[in-house]
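Read the structure below first, then the notes.
Read-outs: derived from the displayed coordinates by stated rules, not from any lab. As the structure is a prediction and not an experimental result, all values here were calculated from the model. Every residue, glycine among them, receives a Cβ derived from its backbone with ideal geometry; neighbour counts consider all protein chains shown.
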Amino acid sequence: MGDDGKLCYFESHLKYQIITREVTLQRKSKKTPWGINVSNIIARLDDGLQLYLATVQSLDEKGIAKKMGLKEHDQILEVNGKCVRDWTSDNLLAELTECTSVVIVIITVEDRAVTDLFLMASREHDLSYLWALRKLVKLSICNIDFSGEGLDVSTITTLLQELIVTNCSLKCISQIKGLSRLKSLKRLILTHNSLTDLDDKTMLKLKELTDLQLGYNLIRSFPNVVTKMEKLEELSLIHNQISLLPDEVVQMRSLEKLHLDNNVLTELPEYVTLQLPQLRALTLENNKLKPNTRSTQQTRSKFYYKIGLE
């Protein structure tokens, strides 16, 4: 890891773009059938959240819906600009029955099955459909401004194992709404934002997290909460403003890789090299470490990575 790969996480990433489709249905009177049968499946998530998944079950061969491009197994996301995530079958039926013109936003069965999704501001602005992707395992978001309303992942599948949100103007973890419910999350990358600290309550609920990347933020103090995350194997805090490592670092018994380049550290405590049994990679370039301290010499001989000294 280094300065030459600021957005390296995306270089080999599968750039899969979900395409939602808008279909307009029109009929002469309310008595004319749309020619569509919709099934509404109730999905109950493991955290108690309940969703209604409205899916096109069948279409009349000569009906309006099929002529206008709807297909079997399409999932309906919106009707006349209204999200149907919380609608029962009766709500959906009432909306379709009372209108002679209906604008429906759908997502195909193929897109619903995507497991790896990459979103960028230049292509994606509306993230409201993420709740429909029930098999999503990896979500990467780049260059979308969340400084205002934040990013809402409160209805995203709890199967998600990797979340990357980079260069999105995040100021605090709480701007990622619903993050704590992602119990399967193993990798969290929040680089190139404006974070100053972490929310202890949220982070401690991510019990499966093994990889945490917080480089290129505005963090001044080493976040003590990470020392309580028992499964954490890799931690990156490069390009922040950290000047001191706390004694609690010795609690990180699973830690294998620690990246602290480009901070303002002046001293490296001996316990970093002596009391972290799994640690095998340590990077400290471009800090303010003294060259002749015992811990610095030990670290230089023990680890392959270079240590930047004044």
Worksheet item: If you take the C-alpha gyration tensor of the stretch 136-236, multiply each eigenvalue by 5 and take the square root, what semi-axes do you get, largest first, in whole Å?
Response: 18, 17, 12
Worksheet entry | Relative packing of 89-96, 162-169, which averages over residues the other C-beta atoms within 10 Å, highest first | 162-169, 89-96
Worksheet item: ³J(HN,Hα) across the stretch 50-64 via Karplus (A = 6.51, B = -1.76, C = 1.60, θ = phi - 60°), whole Hz, x for Gly/Pro?
Response: 10, 10, 10, 9, 8, 10, 5, 7, 7, 9, 6, 4, 10, x, 4
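Expressed as cubic angstrom per residue, what is the convex hull volume of the alpha carbon set of the stretch 172-288? If you can, show how the numbers build up before the last one.
Numbers: hull volume 9.7 nm³, N = 117.
Enclosed volume per residue, from the Cα hull, is 83 Å³.
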Fill in: Candidate lysines - alpha carbon under 20 Å from residue 257, same-chain residues fewer than 8 apart omitted
6, 186, 207, 228, 231, 302, 306
Worksheet item: If you average 1/r over all unlike Cα pairs in the stretch 160-212 and invert the result, what Kirkwood radius do you get in angstrom?
Response: 11.2
Worksheet item: Out of every Cα pair in the stretch 60-170, what percent are spaced more than 19 Å from each other?
Response: 54
Discussion item. How much length would be gained if the chain were fully extended between residue 174 and residue 221, taking 0.36 nm per residue of separation minus their Cα-Cα distance, in nm to one decimal?
Written reply: 15.1 nm
Worksheet item: At residue 194 and residue 270, where each label point lies 7 Å from the Cα along Cα→Cβ, what is the point-to-point distance in nanometres?
Response: 4.3
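Enter the per residue convex hull volume of the stretch 62-101, computed from alpha-carbon coordinates, in Å³ rounded to the nearest integer. Intermediate results must be reported in sequence, preceding the final value.
Values: hull volume 3.7 nm³, N = 40.
Normalising the Cα hull of the stretch 62-101 by residue number yields 91 Å³.
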Worksheet item: What lysines could a cross-link reach from residue 71, if we take a straight Cα to Cα line under 30 Å and drop same-chain neighbours fewer than 8 places away?
Response: 15, 28, 30, 31, 62, 82, 135, 138
